[in-house]
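Trainee: So that we are looking at the same thing, I have put the structure below in C-alpha cells.
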Amino acid sequence: MSGRILSDELSDEIVTTARTATGDSLRSVTYFTRSDFEQLYLREDLERDADLNEFVGHEWRGYKDTNNAYQESELGDYEFTIRAFENGYLLRVATDRAGVLLTTDGMTIQTYDDVAEALERLLAEESDDEE
C-alpha cells in the first residue's frame, strides 16, 4: 500500500458518511481501487494487524465476479454485498474504478442499504470528477 490515494476531502466525506449512518457500530473503513487501498478509519478498540492487502484483493475480484455474473439477472443491477462473520459484518460498495469496504457490528438491512446508497453517490461523484 502506498500513501494517500484519494483527497483528504473525499476521505473525510466517506468516513463521515459511514459514521453518520452506522454510529458506534462502525469498525473500519477502507477505500480501494484495482491496484491500491487506504484504510481511512479503524475503531480504537480494534487491533491494527489485519492483512488488508489480501482482503482487499479478494473483495475487488469478488466485486468484478459478482457484477459480471448477475448482469442479466431479473433481480436488477448489482448494488452491494454484505458478508456475515463471527465477529462482525462487511459491506462492500464498488464501481468499476473504486470501492469502499466497511466492517461493522450488526445493523439492520435498512441501515446497510442507506449507507451503501450514500457511498455509491460519493463514488459516482468521484468518478464524474475524474472525467
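What follows is calculated from the coordinates using simple rules that are stated; it is not laboratory data. Since this is a predicted model, take the numbers as computed values, not measurements. All Cβ positions, glycine included, derive from the backbone under ideal geometry; neighbour counts span all protein chains shown.
Trainee: Of the candidates 105, 77, 12, which one comes out as most mobile in a Gaussian network treatment of the chain with C-alpha springs shorter than 10 Å?
Mentor: Ranking 105, 77, 12 by mean-square fluctuation puts 77 first.
Trainee: Further, regarding this structure: For 86, 59, 125, what ranking results if the residue with the fewest other Cβ atoms within 10 Å of its Cβ goes first?
Mentor: 86, 125, 59
Trainee: Related question: Given q = 0.09, 0.15, 0.19, 0.20 Å⁻¹, what are the Debye log10 I(q)/I(0) values for region 8-130, with equal point scatterers placed on the Cα positions and solvent ignored?
Mentor: Debye curve over Cα of region 8-130, log10 I(q)/I(0) at q = 0.09, 0.15, 0.19, 0.20 Å⁻¹: -0.23, -0.66, -1.09, -1.22.
Trainee: How big is the shadow of the Cα convex hull of region 1-65, averaged over all directions, in nm²?
Mentor: Here the figure is 4.9 nm², rounded to one decimal.
Trainee: Which of 45, 24, 36 moves most in a GNM of the chain, Cα contacts under 10 Å?
Mentor: Sorting by GNM fluctuation, first place goes to 45.
Trainee: Another question, if that's okay. How long are the three semi-axes of the equivalent ellipsoid of region 75-131, in whole Å, if each is the root of 5 times an eigenvalue of the C-alpha gyration tensor, listed from largest down?
Mentor: Ellipsoid half-lengths, sorted descending, are 23, 12, 10 Å.
Trainee: With a 10 Å cut-off between alpha carbons and a GNM built on the chain, which of 55, 37, 80 moves the most?
Mentor: 55
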